[in-house]
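One structure below.
The values are calculated or read from the model by the stated rules, or taken from the named source; none is laboratory data. Predicted model, so just to flag it, every value in this text is computed and none were measured. Cβ placement follows ideal geometry from the backbone for every residue including glycine, while neighbour counts extend to all protein chains displayed. Accessible surface areas use protein heavy atoms only, side chains included; no ligands, DNA or RNA. Shrake-Rupley method; radii C 1.70, N 1.55, O 1.52, S 1.80 Å.
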Amino acid sequence: MKDVDQRGASRPEDLGFGEEAALLKRTARRLFERRVPTDALHRMVASTIDPIRACVWDRALWDEVVELGWTAVGVPEEREGFGMPLSAVVGLVEEVGRACLPSPLVATACATYVLRACEAAAAGELLERIAAGAAASLALCDRRGSWASGDTEVEARVEGDRVTLRGRAYFVQDAQKAEVLVVKARAPEGVGLFVVDVDAAGVRVHPDAILDLTRDQAQVEFDGVELSLESCVAAAAGEGARALRAAEPAILVLIAADMVGAAEWQLQTTAEYARTRVQFDRPLGFFQAVKHPLVDMMTMIDEARSLVYDAAWAFDNAPAEAEACARAAKSSASDAASYCSGRSVQLHGGIGFTWESFVHLYFKRQKHNEALFGDGVYQRERLAELWIGPIGGGDVDPSRSAAP
Amino acid sequence: MDGSTLPRDPAGPPGDSGDQAAFRARCRAWLAANRPAKPGFELPLGPIEIATTEQLEYLRAWQRAAYDAGLVGCDYPAIYGGRGLADCQRVANEEMAAAGVPFLPNIVGLGMAGPAIYHHGTEAQKRRYLPGILAADEIWCQGFSEPGAGSDLANVQTFAERDGGRWIIRGHKVWTSLAQFADWMILLCRTDRGHKYRGLSYFIVPIAAANGRGVEIRPLIKMTGGTGFNEVLFNGLEVDDSALLGGVGQGWGVAMTTLLHERGAGPLVTPSTGGGIGGDPAASLGPSGLVDLARCSSRYGRRAADEPVLRDTIVRLMIRERGLAATKRRAGHEALQDQPERLQLQSKLLLSELLQDAARVACEIQGVTSTLHRADASAPAGGRWPLAYLNSYGFTIAAGTNEIQRNILGERVLGLAKSK
């Protein structure tokens, strides 16, 4: 308890979420509610049950998002962005999740934080493109879904000032919506990060068939993609791995924020159903077997939401704590997302199990988000290393255990 | 206040106002210099476990000292014994928790009677009772539950009968912590059998002074084997109108103010030290203590900290603990909330379940040694955890069972149909 209390004493009460961030969040909610009400979303993304389907999203809305400058929120001012804290981006992403919005905004924000951790000129240039509205995504994983620094199936061959990329990146989010990728590749110096335009010669996007109807995911093939060495944003030995490590807390927090927003929709929608659906002459919510799980959804969401804003603050203000805070947030949000998804379908009864119901859209987005960049089990395993130490890391000291 | 060096960052958190920052520094300096000496006897796990006069007097002296230093009741106006500060009790609580000092014994007075009197009392009542509550000069207990009125609190049948200018009280209250030490009781009575809610009135009645003269106190033994809570029988206790808190028939409203504060959701911040046992922060009953416990516990021949499932379980609990602390901060910022009552009303539910789960997991960490009672000299960690686990059910049941808490949250926050 003591550790936590001292840690907590260093945070401001608003967790860095100021007036501008609150305004941004409110504006985003209004825009998404007006432009993508859930019935319209269902018509757009659930028009076919075929798992091999085209990537559908509202490009006009994306243009509006770009026009509003929302890709620039987390980009530093010296790169033409608004330079707002991560908590502001988190507020925006919560609303993206709440709307279950098909959009490259989250993927772009994740790429933004990787680029911010890189020092090369190309990183700054891409940040400026993002601030101006370019959609970006990260291509980091191997076929096992590992994004650990050495794990990549893309090779970078360097000759003079030319680089050639060969291989495949897996589980690339919103690859069909992105115009530019930040690609992890093994270079002679170690792991490098490279900026690659999706329409560059030799880049081929192979969409995955996925359950989530509100995003796309792909394998991206690099078949002798020719780059200038200047497009390498992290070339020096250890630089790519360092940048990814520095950005990872932000990535975890952003995905957790999407889950928290979506979970709040699941709670509100299911509570509304429990207020209005009548069985045994009573609204469902009268019955404690329905009421209490709804309350548990709420308390889990609130824990996750508090931890998400806490971690966002830590990312900007207390880097030494950021990793643990972000892993706690991702674990908590994943658990909340899982529970809320299950209850949202179950408490809707038969209608909740149909394709025509809206709850499966959120259910599937949540399951997808849970798995990204490590689920709860994964995060807790890492936290156990941080907080408890390695397995086999010490002998039992029975004198301490016997102490009163 | 002897100007001793500040142990931590004297600036305090960036959210502090100037007054709060100065107050925080004063608290810190005082706590560093005035930590109470360890007693020569064992202290109880918490205020409702106080079993001996010796324990009570040690803790009473500690509360008195903290009160005299301005750390208890500082947000109350000076005329009621406070310091008239704005939002500084929270700061004092944070500093006392960080310092790991003993808990404050007058918990019913500070957390329940005090806020009820402050919000509903007459000027005379506030001046009479509040200073004694804050200084622990007078100990308080609560007479709400009855054999037939537990979760359905409004069903209380203890009756206060009008007789000229007096009230004659007859009835039976149960689960009354601290009654054996209490000077006063806050008492919920029926004054009209015709109305369930409007038929309730709220009294302040003497307990010690009336013991054997209209009041009978009998100890109840808890599942832990401990005493500390009681049943209280009223066989014709006489009080006058000055004993009424709020008007006749307004008892339910006063009781709701009381319960709101008991559950940590009221407007007044309750003075609290965070509950270290006997001033030993390592004896915290929260999840943070589980890491050390797992490192130094051998479980069936293997170090508990090496057991993968236990590692996951401990980390889950620590995340919940951090979540509660983060929620407490978020609750202070309107822009990060959708509904004002939503976070406040969760605190009792979540904290009591977290402590219960932490105690259960502590027993798992200890393996077969968790079978040992604290009376056994070889019980690890003083046999604290198995006892804490048994005791934890007091908190998930008291102050409205957690089932009732979930009803309240579902009804008030989510607008679901009332389950009663």
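Summary of values
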read-out: Residue tally, condition open to solvent by less than 20 Å² (accessible area, probe 1.4 Å) and either hydroxyl-bearing (Ser, Thr, Tyr) or within 14 Å of B:Pro206 (Cα to Cα) (or both), over the range B:134-167; value: 6
read-out: Qualifying residue in the range A:61-77 (condition: outside any loop (DSSP other than H, G, I, E, B), of a type in the set (Phe, Trp, Tyr) and open to solvent by 10 Å² or more (accessible area, probe 1.4 Å)); value: yes
read-out: Per-region count, the range B:173-211, residues more than 23 Å from the chain's Cα centre (by Cα) and over 21 Å from B:Pro131 (Cα atoms); value: 14
read-out: Qualifying residue in the range A:283-301 (condition: under 25 Å from the mean Cα position of the chain (by Cα) and within 20 Å of A:Phe32 (Cβ to Cβ)); value: yes
read-out: Filtered residue count, the range B:351-397, keeping only those that are touching a strand residue (DSSP E or B) at 6+ places or on another chain (Cβ under 8 Å) and of a type in the set (Gly, Ala, Ser); value: 1
read-out: Filtered residue count, the range B:379-420, keeping only those that are among the aliphatic types (A, V, I, L, M) and more than 11 Å from chain A (Cβ to nearest Cβ); value: 6
read-out: Helices (runs of 4 or more DSSP H) lying entirely in the range B:48-163 (those with 2 or more residues that are among the hydroxyl-bearing types (Ser, Thr, Tyr)); value: B:53-68
read-out: Filter result for the condition that a residue is part of a helix (DSSP H, G or I) and farther than 23 Å from B:Met112 by Cα, over B:Ala326, B:Ala377, B:Ala417; value: B:Ala326
read-out: Count of the range A:133-184 residues which are of a type outside the set (Gly, Ala, Ser) and not in a strand (DSSP E or B); value: 12
read-out: Top-ranked residue in the range B:308-327 [being in contact (Cβ under 8 Å) with a residue 12 or more places away in the chain, more than 7 Å from every other protein chain (Cβ to nearest Cβ) and open to solvent by 30 Å² or more (accessible area, probe 1.4 Å); ranked as farthest from B:Thr257 (Cα to Cα)]; value: B:Thr313
read-out: Residue within the range B:365-377 that is touching a Leu at 6+ places or on another chain (Cβ under 6 Å), within 7 Å of another protein chain (Cβ to nearest Cβ) and either surrounded by 21 or more Cβ atoms within 10 Å (Cβ to Cβ) or farther than 23 Å from B:Leu259 by Cβ (or both) present; value: no
read-out: Strands (runs of 3 or more DSSP E) contained in the range A:192-260 and holding at least 1 residues among the aromatic types (Phe, Trp, Tyr); value: A:217-228
read-out: Residues located in the range B:338-359, provided they are at the interface with chain A (Cβ under 9 Å from one of its Cβ atoms) and outside any helix (DSSP H, G or I); value: B:Asp338, B:Gln346
read-out: Condition met for B:Thr176 (buried (at least 17 other Cβ atoms within 10 Å of the Cβ), assigned by TED's automatic domain parsing to the domain that holds B:Trp252 and in contact (Cβ under 8 Å) with a residue 60 or more places away in the chain); value: no
read-out: Some residue of the range A:344-365 being within 13 Å of chain B (Cβ to nearest Cβ) and over 18 Å from A:Asp212 (Cβ atoms); value: yes
read-out: Neighbours by Cβ (under 9 Å, 6+ apart or cross-chain): first from the range A:188-203, touching a residue at least 40 places away in the same chain (Cβ under 8 Å); second of a type in the set (Ser, Thr, Tyr) and assigned to a loop (DSSP other than H, G, I, E, B); value: A:Gly190/A:Ser149; A:Val191/A:Ser149; A:Val191/A:Thr152
read-out: Test: B:Gln20 is touching a helix residue (DSSP H, G or I) at 6+ places or on another chain (Cβ under 8 Å) and crowded, with 23+ Cβ neighbours inside 10 Å; value: no
read-out: Where a residue in the range A:29-49 is under 19 Å from A:Asp258 (Cβ atoms) and its partner, wherever it lies, is assigned to a helix (DSSP H, G or I), with Cβ under 6 Å and at least six apart; value: A:Arg29/A:Glu95; A:Phe32/A:Glu95; A:Phe32/A:Ala99; A:Arg35/A:Leu61; A:Val36/A:Ala99
read-out: The range B:35-54: number of residues that are more than 17 Å from B:Phe181 (Cβ to Cβ) and either surrounded by 18 or more Cβ atoms within 10 Å (Cβ to Cβ) or of a type in the set (Gly, Ala, Ser) (or both); value: 2
read-out: Where a residue in the range A:287-307 is in contact (Cβ under 8 Å) with a residue 24 or more places away in the chain and more than 8 Å from chain B (Cβ to nearest Cβ) and its partner, wherever it lies, is open to solvent by 30 Å² or more (accessible area, probe 1.4 Å) and basic (Lys, Arg), with Cβ under 7 Å and at least six apart; value: A:Pro293/A:Arg343; A:Met297/A:Arg343
read-out: B:Tyr197 being free of Cβ contacts under 8 Å to residues at least 60 places away in the same chain and of a type in the set (Ser, Thr, Tyr); value: yes
read-out: Filter result (over 30 Å from A:Thr48 (Cα atoms), open to solvent by 10 Å² or more (accessible area, probe 1.4 Å) and of a type in the set (A, V, I, L, M)) within the range A:304-359; value: A:Ala318, A:Ala320, A:Ala324
read-out: Residue count for the range A:270-283, restricted to those that are facing another protein chain (nearest Cβ under 8 Å) and either at positive phi or open to solvent by 20 Å² or more (accessible area, probe 1.4 Å) (or both); value: 3
read-out: Tally, over the range B:283-307, of residues that are farther than 22 Å from A:Ala304 by Cβ, more than 7 Å from chain A (Cβ to nearest Cβ) and either assigned to a helix (DSSP H, G or I) or over 31 Å from the mean Cα position of the chain (by Cα) (or both); value: 10
read-out: Unique residue being over 23 Å from B:Glu321 (Cα atoms), in contact (Cβ under 8 Å) with a residue 12 or more places away in the chain, assigned by TED's automatic domain parsing to the domain that holds B:Arg342 and basic (Lys, Arg) when the list is B:Arg374, B:Arg406; value: B:Arg374
read-out: Breaking point among (1) open to solvent by 10 Å² or more (accessible area, probe 1.4 Å); (2) within 14 Å of another protein chain (Cβ to nearest Cβ), for A:Leu211; value: (2)
read-out: Criterion: of a type outside the set (Phe, Trp, Tyr), buried (at least 24 other Cβ atoms within 10 Å of the Cβ) and over 17 Å from A:Ala123 (Cα atoms) - qualifying residue of A:Leu267, A:Leu227, A:Leu254; value: A:Leu254
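Matching residues to (1) in contact with a Cys (Cβ under 7 Å, 6 or more places away or on another chain); (2) open to solvent by 50 Å² or more (accessible area, probe 1.4 Å); (3) modelled with pLDDT of 95 or more:
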position: B:Gly214; (1), (2), (3): no, no, yes
position: B:Ile217; (1), (2), (3): no, no, yes
position: B:Ile221; (1), (2), (3): no, yes, no
position: B:Gly225; (1), (2), (3): no, yes, no
position: B:Val248; (1), (2), (3): no, yes, yes
